[in-house]
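**Student:** Sharing a structure, written as structure tokens. Questions coming.
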Amino acid sequence: MLESRAKQRIFSNAWDDFVLKVYSKNETPEYLLASIRDISEIGVSGLVEMGSEIKEKDILTGLIESELTRSKIKYSGKIVWIRETSEGTEFGLKFSEEFLLPDVLIARSMAAA
């Protein structure tokens with residue numbers, strides 16, 4: 001399903017195998033693993049386990065990857081919002097640079113629609 005904003009955000013369970021890996025927070029080594037809620041060319045929202053210490057304005061760098069499709073996307077971006085839920089901490093990350101989503105993400109989201 002697509003939702004219109006400044007850029008198309010893709011919501012789908014079609015990429016449950018994609019994960020957002022954080023390798024540094026504010027230029028300090030950190031390892032976090034987040035599930036992806038939605039993604040666009042300018043940002044991503046995700047969910048990390050409770051107790052993960054991220055906050056607004058943190059700068060994260062890492063990879064969005066899938067072992068199934070062997071896709072890897074390097075990213076860097078800033079946390080623009082945080083919301084605590086019963087599942088963990090939801091967050092919005094705005095990428096430092098806009099990029100084109102890989103064909104595999106677009107194709108899988110269209111197949112799930």
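**Student:** Within the range 29-38, does at least one residue satisfy the condition of being among the small types (Gly, Ala, Ser) and open to solvent by 20 Å² or more (accessible area, probe 1.4 Å)?
**Tutor:** Yes: one or more hits.
**Student:** List every residue pair whose Cβ atoms lie under 7 Å apart, where the two residues are 6 or more positions apart in sequence or sit on different chains, the first residue falls within the range 66-83 and is under 15 Å from Ser40 (Cα atoms), and the second residue, located anywhere, is among the hydroxyl-bearing types (Ser, Thr, Tyr) and open to solvent by 50 Å² or more (accessible area, probe 1.4 Å).
**Tutor:** Ser76/Ser96; Gly77/Ser96
**Student:** While we're looking at this one, here's another question. Quick check on this structure: which one of Ser52, Ser76, Ser12, Ser71 is modelled with pLDDT of 90 or more and among the polar types (S, T, N, Q)?
**Tutor:** Result of the check over Ser52, Ser76, Ser12, Ser71: Ser76.
**Student:** Could you check how many residues of the range 69-83 are within 19 Å of Ile59 (Cα to Cα) and open to solvent by 100 Å² or more (accessible area, probe 1.4 Å)?
**Tutor:** Filtering the range 69-83 down to residues within 19 Å of Ile59 (Cα to Cα) leaves 73-83.
This time we only want the ones that are open to solvent by 100 Å² or more (accessible area, probe 1.4 Å), so: 74, 83.
Of the residues in that region, 2 qualify.
**Student:** Please determine, by comparing only the residues of the range 49-68 that are buried (at least 16 other Cβ atoms within 10 Å of the Cβ) and among the charged types (D, E, K, R), which one is nearest to Ile79 (Cα to Cα).
**Tutor:** Asp58
The values are calculated or read from the model by the stated rules, or taken from the named source; none is laboratory data. All of these numbers come straight from a predicted model, not from anything done at the bench. All Cβ positions, glycine included, derive from the backbone under ideal geometry; neighbour counts span all protein chains shown. The area values use the complete protein model at the heavy-atom level, side chains included, leaving out ligands, DNA and RNA. Shrake-Rupley method; radii C 1.70, N 1.55, O 1.52, S 1.80 Å.
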